[in-house]
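One structure is given here, and the rest of the page talks about it.
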Amino acid sequence: MKRRCLAAALLWLLALAAGAHAQEPLRDEQMLGVVVAANQAEIAAANLALRKTRSYSLQVYARRIVSEHAQVSQEITALTQRYGTQPQRSATSDALLKQSADDLADLGDAGTYDFDEAYLDREVVFLQKLVNTVDGYIRTARNAEVRTVLIRSRPSFIFHLDQAHRLQLTIGSPGLRR
């Protein structure tokens, strides 16, 4: 299960990297579309975690993921409404949504005791790629407000990644409160 999730995540990373080199740079609306798709993926995975995990720490983490990623999506929606546009699909956002659906299917199949580890492994890979992607978008965004939204979102993504790393260390450790 763990290998399958990691393999799927690595395939997604390769698809994003190949797509970034194969096509011209994304427009600002497409960049926002990728971030919105990533937020949707994170919220869906966190909601699944809230249903499946028995770990109190993981429940707190998942609730925070849902709240903060929803907030980022709301900021993006407000920004695009001000400009009379919408986040747009791209090959990158489509690949991300497909990978998210595959990840959710794999996580849904995970047993109760394997779920926490599989979820956190997915989070670490996904969030690291999200941070790297946002870093690239910050450098290439044309609109200052788009860049500002990306810059303001980045610290929460990094915090979530750090928390996922920390939870990986504690999940399954004897004597620690799950």
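The values are calculated or read from the model by the stated rules, or taken from the named source; none is laboratory data. The structure presented is a predicted model; accordingly, all values stated were derived computationally and were not measured. Neighbour counts are summed over all protein chains in view; Cβ atoms, including those assigned to glycine, are modelled from backbone coordinates with ideal geometry.
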Picked from segment 42-73 (must be surrounded by fewer than 15 Cβ atoms within 10 Å (Cβ to Cβ) and charged (D, E, K, R)), the residue modelled with the lowest pLDDT is R54
When every residue in segment 49-100 that is in contact with a Phe, Trp or Tyr (Cβ under 8 Å, 6 or more places away or on another chain) and of a type outside the set (K, R) is compared, the one farthest from A164 (Cα to Cα) is A95
Residue hits (segment 125-168; basic (K, R), farther than 20 Å from Q86 by Cβ and free of Cβ contacts under 8 Å to residues at least 12 places away in the same chain) are R139, R166
From the option list S55, S73, single residue qualifying as free of Cβ contacts under 8 Å to residues at least 40 places away in the same chain and under 25 Å from A105 (Cβ atoms) is S73
- Query: Within segment 74-83, is there a residue that is under 16 Å from the mean Cα position of the chain (by Cα) and exposed (fewer than 14 other Cβ atoms within 10 Å of the Cβ)?
  - Reply: yes
D116 being under 17 Å from the mean Cα position of the chain (by Cα) and either surrounded by 17 or more Cβ atoms within 10 Å (Cβ to Cβ) or at pLDDT 90 or above (or both):
yes
Flagged pairs (Cβ under 6 angstrom, 6 or more apart or on separate chains; first in segment 90-108, farther than 17 Å from L50 by Cβ; second part of a helix (DSSP H, G or I) and polar (S, T, N, Q)) are S90/Q30
